[in-house]
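The values are calculated or read from the model by the stated rules, or taken from the named source; none is laboratory data. Bear in mind the structure is a predicted one, so any value in this text is a computation, not a measurement. Backbone-built Cβ (ideal geometry, glycine too); neighbour counts: all protein chains shown.
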Protein chains: 2
Amino acid sequence: MKISIYISPKEGVLDPQGQAALGALKSLGFDEVTAVHIGRYITLEVEGDDAAKAEERVTEMCDRLLANPIIEDYRVNVE
Amino acid sequence: MKISIYISPKEGVLDPQGQAALGALKSLGFDEVTAVHIGRYITLEVEGDDAAKAEERVTEMCDRLLANPIIEDYRVNVE
């Protein structure tokens, strides 16, 4: 099973990577960009065919290792 | 307009972050995971209402700054 995880900085949390990218885009002439947020896109290959169980396990993986729930939001998508 | 960009390492390119995460997941008992790939999830806020034009501009931003097309694949999604 392929599972995608989308992690982004929580609203209001400092995002220095995003700020740097915004500045760089503006200096390249992309003036229409008003905000940039940089997070992580993780894909997993997981054995088994129970999608609900897989989603539950991957949520646990996010909470314990892959994301930092204090400063990041994440979304899990089983494909 | 909100635009999402999903960047992942190309097939066959070394992904040391993914390898490290895979090892850590296995040591935590998540033995069902067989592969981990770590990329970036970028969201942009862009002024304007022409979605096709925005997608074209964001593709240019990816090629010039946000992604490394030599070792990374990316996908742009206008919301």
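The residues on offer are A:Gly48, A:Gly39, and the sole one that is on the phi > 0 side of the Ramachandran plot and either touching a strand residue (DSSP E or B) at 6+ places or on another chain (Cβ under 8 Å) or within 7 Å of chain B (Cβ to nearest Cβ) (or both) is A:Gly48.
Would you please name the residue that is surrounded by the most Cβ atoms within 10 Å (Cβ to Cβ), looking only at residues in segment B:5-15 that are more than 8 Å from chain A (Cβ to nearest Cβ) and touching a strand residue (DSSP E or B) at 6+ places or on another chain (Cβ under 9 Å)? So, considering only residues that are more than 8 Å from chain A (Cβ to nearest Cβ) and touching a strand residue (DSSP E or B) at 6+ places or on another chain (Cβ under 9 Å), the one surrounded by the most Cβ atoms within 10 Å (Cβ to Cβ) is B:Ile5.
Condition first: assigned to a loop (DSSP other than H, G, I, E, B) and either hydroxyl-bearing (Ser, Thr, Tyr) or within 17 Å of the chain's Cα centre (by Cα) (or both). Now tell me which residues in segment A:39-78 satisfy that. If the condition is that a residue be assigned to a loop (DSSP other than H, G, I, E, B) and either hydroxyl-bearing (Ser, Thr, Tyr) or within 17 Å of the chain's Cα centre (by Cα) (or both), then A:Ala67, A:Asn68, A:Pro69, A:Ile70, A:Ile71 are the ones that fit.
Residues are listed down the side, and each one gets a yes or a no for (1) touching a Ser or Thr at 6+ places or on another chain (Cβ under 8 Å); (2) modelled with pLDDT of 95 or more; (3) closer than 19 Å to A:Phe30 by Cβ:
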{"position": "B:Lys26", "(1), (2), (3)": "no, yes, no"}
{"position": "B:Phe30", "(1), (2), (3)": "no, yes, no"}
{"position": "B:Val36", "(1), (2), (3)": "yes, yes, no"}
{"position": "B:Thr43", "(1), (2), (3)": "yes, yes, yes"}
{"position": "B:Asp50", "(1), (2), (3)": "no, yes, yes"}
{"position": "B:Cys62", "(1), (2), (3)": "no, yes, yes"}
{"position": "B:Leu66", "(1), (2), (3)": "no, yes, yes"}
{"position": "B:Ile71", "(1), (2), (3)": "no, yes, no"}
{"position": "B:Asn77", "(1), (2), (3)": "yes, yes, yes"}
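Filtering segment A:8-38 to residues that are among the hydrophobic types (A, V, I, L, M, F, W, C), under 17 Å from the mean Cα position of the chain (by Cα) and not in a strand (DSSP E or B) leaves A:Val13, A:Leu14, A:Ala21.
Any residue that is surrounded by 19 or more Cβ atoms within 10 Å (Cβ to Cβ) and more than 7 Å from chain B (Cβ to nearest Cβ) - is there at least one of those in segment A:23-33? No.
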